[in-house]
Amino acid sequence: MKAIKLYIIILFTVAVGANTQAQTHDHSKMITVKTDTVKVLGNCDMCKSRIEGAVKSEGAGAAVWNATNKLLVVSYDPSKTNVDILLKKVAAVGHDSEKYKAEDKVYNSLPACCKYERGKF
């Protein structure tokens, strides 16, 4: 009888210990996504394609630019990139943001429909 009780106690202890072990998580491996909204100047669907393509090529997971309100909503993994890197890439393809201005040479090479009024923030 004592052997059966001992066996049940050991079995119970092992079951509880295994259950506790299964509930531990390593949160350091979880991917976090950050979303920012920034104003980026442009006019048309070609601008939209250029702006969204620029940030996606620089590591953004998602990007949507709205021509009406000139807002870019961009989601990215902050361990791989940041909003400054993304906005520098946008400036490199000819579009001004609140933080970075495109070089005049690049801006001037944009198609006529893409030429926006500069400095309008």
Practice item. Pop a pseudo-label 7 angstrom from the Cα along the beta-carbon direction at both GLU98 and MET46 and give the gap in nm to one decimal. Key: 2.8
Exercise for review: Go through THR35, THR68 and list them by solvent-accessible area, largest first, probe radius 1.4 Å.
Suggested key: THR68, THR35
Check your understanding: To the nearest 10 square angstrom, what accessible area does SER57 show with a 1.4 Å probe?
Key -> 80
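The values are calculated or read from the model by the stated rules, or taken from the named source; none is laboratory data. Computed from a predicted structure; not experimentally measured. Backbone-built Cβ (ideal geometry, glycine too); neighbour counts: all protein chains shown. Please note that ligands, DNA and RNA were not included when accessible areas were found on the heavy atoms of the full protein model with its side chains. Shrake-Rupley method; radii C 1.70, N 1.55, O 1.52, S 1.80 Å.
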